[in-house]
Amino acid sequence: MNIPEQYQIKKTITQNTYLVDGELKTWTGETSQVYSTISSTEPYKPTLLGTIPTLGEKEALDALNSAVTAYDKGQGLWPTMKVVDRIACMEKFVTQMKTKRDEVVKLLMWEIGKNLPDSEKEFDRTVDYVYDTIEDYKQMDRDSAKFEKHAGVNAHIRRGPLGVVLCLGPYNYPLNETFALLIPALIMGNSIIFKPAKFGVLLLSPLLEAFQNSFPKGAVNIIYGRGRTVASPIMKDGRVDVLALIGNSKSANALQNVHPKSNRLRMVLGLEAKNPAIVLKDADLDLAINECIAGTTSFNGQRCTALKVLYVHEAIVDEFNKRFSEKVDALKFGNPWEDGAKLTPLPEPDKPAYIQGLIDDATAKGAKIINKKGGETTDNYIFPAVLYPVTKDMRVYEEEQFGPVIPVISFSDIEEPLDDMAASNYGQQVSLFGKDIKTLAPLIDVLVNLVCRVNLNSSCQRGPDVYPFTGRKDSAVATLSVHDALRSFSIRTFVASKDNDYNNAILKELLHTRASNFVSTDYII
Ligand code: G3H
């Protein structure tokens with residue numbers, strides 16, 4: 001195996017601590033091995049990367065108690081801290097985080113198979129997200145550094161934390177998506193319990209100390225283990241105020257359903273999607289094909305925003321299929337650090353078999369694999385199969401494949417994709433390819449009511465992270481973006497007083513003495 005020196009796994013990582021109560025506690029109990037589906041040797045063999053603690057219910061509830069104590073019924077150091085001081089903690093954290101770039105990027109490649117440029121992008125984008133969040137929070141604080149007066153009542157309105165947040169991220173963006181929940185939740189003054197996803201776990205090890213030394217005891221708790229063993233008891237207890245999860249709606253529903261107080265529990269969820277591309281007959285075909293390639297195959301289709309079904313007008317479908325298939329076949333498969341590797345090993349060992357099942361089902365029902373390499377299988381990969389014509393009775397039409405298989409459907413009447421989208425359980429984004437504004441205008445006006453982002457002549461994506469990221473139906477609950485996430489993880493809360501001399505004198509004294517961290521008109525520069 002020709003693995004560049006700097007990316008070789010020379011030593012496994014023994015992650016034998018977890019973060020609770022501000023302490024990196026040593027774990028001597030059961031552990032789980034973390035394997036990469038990438039081989040370091042010939043013949044093929046998965047590579048052992050290290051071990052992580054398999055914590056149990058007791059440790060999970062210790063983490064919950066730690067978060068509850070840190071919040072301390074709203075009296076804790078973290079939720080009552082001045083905004084400027086919370087920001088200082090976050091800056092301390094991100095400064096240390098930046099020093100761990102190489103270690104985290106290497107683990108991203110091994111643990112989830114993301115190629116080098118995308119792994120670097122995930123890290124850098126996350127660092128930018130932290131800085132942008134800090135800036136947005138400063139602006140929010142500046143905007144609330146004032147009093148309002150209506151109908152004889154003075155009000156000082158801010159946003160306050162909600163309490164204890166359970167954060168669960170996905171394996172496809174184990175750093176970025178997780179931090180896009182955790183960072184805004186934390187900076188708003190909530191205390192956090194965070195459990196990494198099933199893959200992309202060890203890459204958090206280099207950051208544990210930074211979490212420990214940047215925030216007050218109990219504000220961030222990081223635990224390891226199986227969802228059912230650790231997340232369910234935490235939810236069942238009833239003291240979690242927010243479930244923040246990017247992943248599958250089934251897990252979200254299961255966790256939500258065991259929480260005994262449904263009105264206490266807020267939810268911030270990013271779930272599945274089946275984003276379609278609609279290619280109209282006047283579309284610029286080169287542009288549409290390039291964007292559909294990126295949309296369907298980036299990170300092997302393992303993105304919630306990936307294009308998961310292509311609707312192509314019947315007048316151009318043959319030409320589209322021919323050129324699209326050739327481009328798919330030209331994509332280079334390789335290990336993540338290989339130059340130009342666009343397709344990379346799948347981190348889930350059972351994924352190739354699952355994708356093969358979708359292909360078999362579709363071909364048994366009349367679809368064909370129209371690209372030469374479609375379905376070619378190796379130890380840790382199955383080459384993207386372009387399937388055509390796909391019909392509604394096929395599993396690949398219904399299921400979110402989250403992997404390398406591309407269903408194509410032709411349409412003659414635009415109502416066909418619109419009806420399908422309206423009937424779908426999902427409603428995140430769409431890509432619309434075309435030029436004539438007489439066709440586009442009414443279509444855009446409908447599509448914005450079926451999904452939450454219409455990408456004109458471009459593939460679907462979450463970024464830039466300042467834009468709202470949300471979805472309808474089973475695709476999301478609440479909105480994330482740098483700006484919106486701060487709001488999703490907080491609530492408006494205020495101090496009101498009748499406008500009279502007695503109250504106003506008190507307010508003046510509060511401001512003058514700076515005795516309160518909440519009642520303050522200090523302006524963060
Ligand atoms: O898995 C879903 C991600 O939010 C997608 O983000 O569009 O930046 O790849 P992305």
Check your understanding: Going by how many other beta carbons lie within 10 Å of each one, how would you line up Y7, Y388, fewest first?
Key -> Y7, Y388
**Study point:** Using alpha-carbon coordinates, inclination of helix 317-329 to the longest axis of the chain, degrees
**Key:** 70 degrees
Check your understanding: What percent does the relative contact order of the stretch 30-113 come to when contacts are Cα pairs within less than 8 Å and at least six residues apart?
Key -> 26 percent
**Study point:** All Cα pairs of the chain, percent lying beyond 47 Å
**Key:** 16 percent
Check your understanding: For Q8 and R395 in one chain, what is 0.36 nm times their gap in residues minus the Cα-Cα distance, to one decimal in nm?
Key -> 135.4 nm
Practice item. Grab the stretch 137-240 and count how many Lys pairs have their alpha-carbon atoms under 27 Å apart, sequence gap of 8 or more, or different chains. Key: 8
Point to revise | Length added when fully stretched, L61-H150, from 0.36 nm per residue minus Cα-Cα | key: 27.5 nm
Check your understanding: How far is the Cα center of the stretch 473-525 from the Cα center of the stretch 343-359, in Å?
Key -> 49 Å
Point to revise | Pairwise FRET efficiency - D379 versus D318, Cβ, R0 = 45 Å, nearest 0.05 | key: 0.80
**Study point:** Residues of type lysines that K45 reaches as a straight line, Cα spacing below 16 Å, ignoring anything fewer than 8 places off in the same chain
**Key:** K10
Practice item. Just grab the label-to-label distance for N457 and D339, each label 7 Å out from Cα along the Cβ direction, in nm (one decimal). Key: 3.3 nm
Check your understanding: So what's the stretch 320-407 giving for Cα Rg divided by 2.2 N^0.38 Å, two decimals?
Key -> 1.06
**Study point:** Calculated FRET value between D102 and Y467, using beta carbons and R₀ = 30 Å, to 0.05
**Key:** 0.50
Revision key, fill the gap. Footprinting proxy, Y35, Y502, Y381: sorted fewest to most Cβ within 10 Å, the residues are Y502, Y35, Y381
Check your understanding: Relative to the first principal axis of the alpha-carbon coordinates of the chain, what is the inclination of helix 227-237, with its axis defined by its Cα atoms, in degrees from 0 to 90 and to the nearest 10?
Key -> 40 degrees
Review point. If the limit is 23 Å between Cα atoms, which of K58/K100; K392/K473; K342/K372; K114/K392 go over it?
Key: K58/K100; K114/K392
Check your understanding: What's the extension gain from L208 to K435 if we count 0.36 nm per residue and subtract their Cα-Cα distance?
Key -> 76.7 nm
Practice item. Would you mind computing, in nm to one decimal, how far apart the modelled labels at E30 and K365 are, each placed 7 Å from Cα along Cα→Cβ? Key: 3.9 nm
Review point. Where Lys and Arg each count +1 and Asp and Glu each count -1, what net charge lies around R264 among other residues with Cβ under 9 Å from its Cβ?
Key: +2
Exercise for review: Could you state the angle between the C-alpha long axis of helix 83-98 and the longest principal axis of the C-alpha atoms of the chain, as a value from 0 to 90 degrees rounded to the nearest 10?
Suggested key: 40 degrees
Point to revise | Amide H contacts under 5 Å for E376, placed H, 5+ residues apart | key: F383
Study note, to complete from the structure: Expressed in angstrom and rounded, the centroid-to-centroid distance over alpha carbons for the stretch 402-448 and the stretch 264-314 is 10 Å
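Any read-out appearing in this document is the output of simple, stated calculations on the displayed coordinates, not a laboratory observation. In this text, all values refer to a predicted model and were calculated from it rather than measured experimentally. Every residue, glycine as well, gets a Cβ built from its backbone with ideal geometry; the counts of neighbours run over all protein chains shown.
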